[in-house]
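Okay, structure first, notes after.
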Amino acid sequence: MQQQALIQRGTDWFKQQGWTPFPFQMEAWQAHLDGYHGLVNAPTGSGKTYSLGMPILLEFLRDHADDPGRADNGLRAIWITPIRALTREIQGALQRAADDMGLNWRVAIRSGDTSSSERQKLKRKPPEVLITTPESLHLLLASKQYEKYFKDLSTIVIDEWHELIGSKRGVQIELALSRLKGFLPKLKVWGISATIGNIEEAISVLMGNAGQPDQYKVIRANIDKRIELETILPDTIETFPWAGHLGITLIEKIVPIIKAGQSTLIFTNTRAQCEIWYQKLLDVAPDLAGIIAMHHGSIDRKLRDWVENALHEGTLKAVVCTSSLDLGVDFRPVENIIQIGSPKGVARFIQRAGRSGHQPGATSQIFFVPTHSLELLEGAALRQAIEEKALESRMPYIRSFDVLIQYLITLAVSDGFFPGQIYEEVVGTYAYRSVTPEEWKWTLHFITTGGESLYAYDEYRKVEIEEDGRYKVNSRRVAMRHRLQIGTIVGDADMQVKYVKGSRLGSIEEWFVGQLKPGDTFWFAGRSLEMVRIKDMTVQVKRSKKKKGKIPSYQGGRMPLSSQLSAFLLTKMDQIRAGQLNDIELQTLQPLLDVQTERSHIPDRSEFLIEYFTSREGHHLVFYPFDGRNVHEGMGSLLAYRLSRIQPISFSIAMNDYGFELLSDIPIPIDEGLANELFSTRNLGQDIMDSINSAELAKRTFRRIASIAGLIFMGYPGKQKKDRHVQASSQLFFDVFRDYEPHNLLYRQAYDEVMTFQLEEARMRQALERINQQKIILSKPIKATPFAFPIMVDRLRGRLTSERLEDRVQRMKLQLVKD
Amino acid sequence: MRLTTQHLHLAGADLELHPYRAIYWQQEEALLLADLHLGKVQHFRREGFPLPQDVTNTNWDKLIALLLDYRPERVYFLGDLFHSDWNAEWEEFCDLMDRFPRVTFSLVLGNHDRLSDKAYSRSRMDILEEPHRVGDFLLSHHPQEEHDAAYNLAGHIHPAVRLSGGGRQRLKLPCFYFGGKTGILPAFGVFTGSKVLTPTADDQIFVITDSSVIRAT
């Protein structure tokens, strides 16, 4: 069949649906049918699924014109999506088109929710299209004779690539692609991505060593959604809290918006906040009972599915949610979007604004609810950032040895691998292109001998080298454990929450469970629950009538402000100083800003503000770079470290997106510090390294690395006891690597990740250079200022000391049982 | 590194608390140690978890240093001496015992001690039933709820406490924990975790740093 006629068939099918294909869709069909790799740059809700789903079908029609209706055609296409919630939509869309076009195809889903009998069926008889997640794809690579399973594969689509690229699941994708391309030279690799700041880089990462410009096409949808932002303003700024992150004070103003609209999505930043807002909404508007719901990542899939369906059908008035509803198909009935607290990034805010079901080209409205006074600034900053389309970049992970180790064991668990061949594939990826032969050797050594020093009696057993040079896992136990481990890139150590009778509610983090005793009440999934017992990694609960209860907090909740947004914050500060109060938010803030000016100072662009004051807690030194909490965490540790070299001193460090505080029980030598180039970029790398060590930042990051690389094993339901003898915390591993094996690449990776992702070293260096150009204003207010207050009250703190442990202990008190 | 110990007079006995997480009982010339978890490194490695082998050496180094410094008559291990079924680390430990022929080594069995009787009987280790009485003291692995001895010394818990100070300073440190009728030793072994306990005002707590034992108040 001619290309033109083929594309006509696609267009005809669109016409039968009453649609007309967008130009970008037809462009994608053409490019795919011509055999290119590529990337479709289109937002959600723009018809992106058919931009690549259609040519996959058309290609088959072309290649099997004689008998297009035949069955059992092998696995033709894989569609990867980061979240399971999206799989059914895609399945429906593709199956319908395939059926209508006379193909006898099966479009199937394989995810963590797929039952094992269903998986077996998919295994024996592959569907033509398989929709799956990065982890599930790796699980397929961990099964015997996977090459045979994939032999008919013609296309792999990576959906929502902008989501995956900034995570280690993105690295998993890169590795899986490198393997597939290794034995399927004609495989076409396609991505679908929303616009991000570094879209060009996103393409290079996806393409790896196939990234020659003549091998791929980039197709842009150029669909614009206009966004209007309205900040919900407190009636009087004087009574609005200076600190906090819940935003409950403005809840009365939200209720009318919910009641007026057909359906409203309320985005919160953390799961705990989500639970609280849901409860409080019912408290202030009891008539909403039964027509509002909540949705977050720890709630059981079945409950979430129910909520999503209800949203589609328009039977819910409002859903309180987290980023769990950031992605996916639009909910047509949703009219209003409300964002509680800072969204931290421009792209996320735009994405959320776009979740309402308006037609392309129409204006989306989004309400912003500040949670404390200064956050009003962010409303103004966001508006300008949206106007200027200042979208964030998503930095790809590179050199993730934890993911590499996991991948190599995956291959060793299935058919085994030959290092020479796999090395070529691995260094062909973007993530591992800088891996040296020595580092590769170390990695192989690590999975076969568990480290370098070998003793005669060593019994280390994981990957074994066979006589023909094949690397293979032979122990069934190791293989079993590894398959269970593959999913851990996503989840932390979570425990299931179930009713005693058995039905599942969702999962909560293990450390929260650690604080509960049987009989304690806690709120979860909008219900008051009493903890009954813990059994085999499951928290058994029953309904409680108590109103008061703890609310699980989740450690992943704190996102940093993006550099895009913080740049606009600085702009807004400048406007305040210049008296240009054009934004309604700035006008509302005026009385608070007056207090700040009266007690201390408001810096303009040429100044850098430091406040030093004393309270009952000790001596507070507060800095205001407005660079986001990540940079502040790093800069806080760095400055604490430099000050601690002047004299023995201990600090606790707190930060928010606007600044950070160093708190000490003794006076802080700030004048000596400033006289000795406190902000210098000289010797920066080494000083950061030392401060990371002193503040034990890397330990936290190492936890993830250790679990991905399979060093720690969480156990699994029902089998926990048997494996208790091999459970150890990542902290213990970290300590022994530090003390006994400091050149271990996983240990070093923890530092790299802290530098790059947590402290954002590059951004911190820029910030320091900027500060060096600014005039330092050291203000000594008599008491805490509006700027300082929200930072001071934060209890989540880092610590750094240059005192001897013995000296510190002398000045400290035992924490005793409270009477 | 200079090491600082602490002296504690308890139920008529003079105890020296050592930062290597051991107690020297002067009257009995006995060294008390709990929760060594020897063999853990080998056990992990056999299961495919890549612990560095050298971790074990730190256990040996500390143990040898204590034996040379105090030259005790007896060593009591309060359970969880060996974290595995038989592996080569046990033989290394037997060698070590052989190098101190004048010392009597005794073990109160703990929940992790699952070597065969044969392994013990081929070694110089005395196996004691839990709890084991020595003078006014009752030695056990698990803390004993009710007993008629003057004082019970036990392990098992791996105790630690939290300290707090001005400027929102906080610390968690392993400790010797002496309650009314039961005292709990810190875990001796490297690569063992700890559990935070919240003491009452009547308990005596001694926290442990790398080089010192310090009475916490």
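The values are calculated or read from the model by the stated rules, or taken from the named source; none is laboratory data. Computed from a prediction, not measured in an experiment: that's the story for all the values here. Note that we place each Cβ from the backbone using ideal geometry, even for glycine, and neighbour counts take in every protein chain shown.
In table form, for the structure just shown:
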item	result
Checking B:Pro143 against (1) part of a loop (DSSP other than H, G, I, E, B); (2) more than 14 Å from chain A (Cβ to nearest Cβ); (3) more than 22 Å from B:Trp25 (Cβ to Cβ), the condition it does not meet	(3)
Residue satisfying all of: in the range B:161-172; among the hydrophobic types (A, V, I, L, M, F, W, C) and touching a helix residue (DSSP H, G or I) at 6+ places or on another chain (Cβ under 9 Å); farthest from the other protein chains (Cβ to nearest Cβ) among these	B:Leu171
B:Ile205 of a type in the set (Val, Ile, Thr) and either outside any strand (DSSP E or B) or farther than 30 Å from B:Gln53 by Cβ (or both)	yes
A:Ser323 vs. criteria within 21 Å of the chain's Cα centre (by Cα), among the hydroxyl-bearing types (Ser, Thr, Tyr) and closer than 25 Å to A:Thr249 by Cα	yes
Evaluation of A:Ala412 against (1) away from chain B (no Cβ under 13 Å); (2) at negative phi; (3) modelled with pLDDT of 95 or more (one fails), failing number	(1)
Any hit, the range B:150-160, residues being outside any loop (DSSP other than H, G, I, E, B), within 14 Å of chain A (Cβ to nearest Cβ) and among the small types (Gly, Ala, Ser)	yes
Search result, residues across the range B:31-49 that are over 13 Å from A:Leu732 (Cβ atoms) and within 7 Å of chain A (Cβ to nearest Cβ)	B:Gln42, B:His43, B:Arg45, B:Arg46, B:Glu47, B:Gly48
Flag if A:Ile251 is assigned by TED's automatic domain parsing to the domain that holds A:Gly182, in contact (Cβ under 8 Å) with a residue 12 or more places away in the chain, in contact with a helix residue (DSSP H, G or I) (Cβ under 7 Å, 6 or more places away or on another chain) and within 30 Å of A:Phe331 (Cβ to Cβ)	no
Count - residues of the range A:442-475 that are out of contact with any Gly (no Cβ under 9 Å at 6 or more places or on another chain), aromatic (Phe, Trp, Tyr) and modelled with pLDDT of 85 or more	2
Meets criteria (touching a helix residue (DSSP H, G or I) at 6+ places or on another chain (Cβ under 7 Å) and either of a type outside the set (Asp, Glu) or surrounded by fewer than 19 Cβ atoms within 10 Å (Cβ to Cβ) (or both)) for B:Val190	yes
Residue check, A:Pro781 more than 16 Å from A:Glu633 (Cβ to Cβ), at pLDDT below 95 and not in a helix (DSSP H, G or I)	no
Selection status of A:Gly69, modelled with pLDDT of 90 or more, part of a loop (DSSP other than H, G, I, E, B) and in contact with a helix residue (DSSP H, G or I) (Cβ under 9 Å, 6 or more places away or on another chain)	no
Residue in the range A:512-527 that is in contact with a helix residue (DSSP H, G or I) (Cβ under 8 Å, 6 or more places away or on another chain) and modelled with pLDDT under 75 present	no
Residue match in the range A:150-159 (condition: touching a Gly at 6+ places or on another chain (Cβ under 7 Å), in the same structural domain as A:Pro55 (by TED's automatic domain parsing) and hydrophobic (A, V, I, L, M, F, W, C))	yes
Criterion: at pLDDT below 85 and not assigned by TED's automatic domain parsing to the domain that holds A:Val539 - qualifying residue of A:Leu325, A:Leu311	A:Leu325
Members of the range A:32-48 found to be surrounded by fewer than 24 Cβ atoms within 10 Å (Cβ to Cβ) and assigned to a helix (DSSP H, G or I), listed by number	A:Leu33
Residue selected from the range A:795-818 under the condition surrounded by fewer than 16 Cβ atoms within 10 Å (Cβ to Cβ) and more than 9 Å from chain B (Cβ to nearest Cβ), by the criterion nearest to A:Leu377 (Cα to Cα)	A:Leu796
Residues being more than 16 Å from B:Leu15 (Cβ to Cβ), within 11 Å of chain A (Cβ to nearest Cβ) and touching a strand residue (DSSP E or B) at 6+ places or on another chain (Cβ under 8 Å) - total across the range B:173-194	3
Residue count, the range A:276-307 (criterion: surrounded by 21 or more Cβ atoms within 10 Å (Cβ to Cβ), of a type outside the set (A, V, I, L, M) and modelled with pLDDT of 90 or more)	3
Residue that is in contact with a strand residue (DSSP E or B) (Cβ under 8 Å, 6 or more places away or on another chain), within 14 Å of chain B (Cβ to nearest Cβ), closer than 22 Å to A:Val793 by Cα and modelled with pLDDT of 95 or more, where the choices are A:Leu663, A:Leu643	A:Leu663
Helices (runs of 4 or more DSSP H) completely within the range B:1-99 that count 2 or more residues being basic (Lys, Arg)	B:40-46
Hits in the range B:178-201 - residues which are in a strand (DSSP E or B) and within 16 Å of B:Arg215 (Cα to Cα)	B:Phe178, B:Gly183, B:Ile184
Hits in the range B:74-87 - residues which are crowded, with 16+ Cβ neighbours inside 10 Å and over 12 Å from B:Leu36 (Cα atoms)	B:Arg74, B:Val75, B:Asn87
Any hit, the range A:182-195, residues being outside any strand (DSSP E or B) and at pLDDT below 90	yes
A:Glu163 being surrounded by 17 or more Cβ atoms within 10 Å (Cβ to Cβ) and modelled with pLDDT under 90	yes
Selection within the range A:436-448 - away from chain B (no Cβ under 14 Å) and either touching a residue at least 60 places away in the same chain (Cβ under 8 Å) or in contact with a helix residue (DSSP H, G or I) (Cβ under 6 Å, 6 or more places away or on another chain) (or both)	A:Glu439, A:Trp440
Extreme residue, modelled with the lowest pLDDT, among residues of the range A:727-739 that are surrounded by 20 or more Cβ atoms within 10 Å (Cβ to Cβ) and at the interface with chain B (Cβ under 10 Å from one of its Cβ atoms)	A:Ala728
Any hit, the range A:658-679, residues being under 26 Å from A:Ser606 (Cα atoms), among the polar types (S, T, N, Q), within 36 Å of the chain's Cα centre (by Cα) and assigned by TED's automatic domain parsing to the domain that holds A:Gln766	no
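Here's the yes/no breakdown for (1) touching a Leu at 6+ places or on another chain (Cβ under 9 Å); (2) farther than 30 Å from A:Ser563 by Cβ; (3) buried (at least 21 other Cβ atoms within 10 Å of the Cβ):
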site: A:Gly379; (1), (2), (3): yes, no, yes
site: A:Met395; (1), (2), (3): no, no, no
site: A:Ala412; (1), (2), (3): no, yes, yes
site: A:Lys441; (1), (2), (3): no, yes, no
site: A:Leu444; (1), (2), (3): yes, yes, no
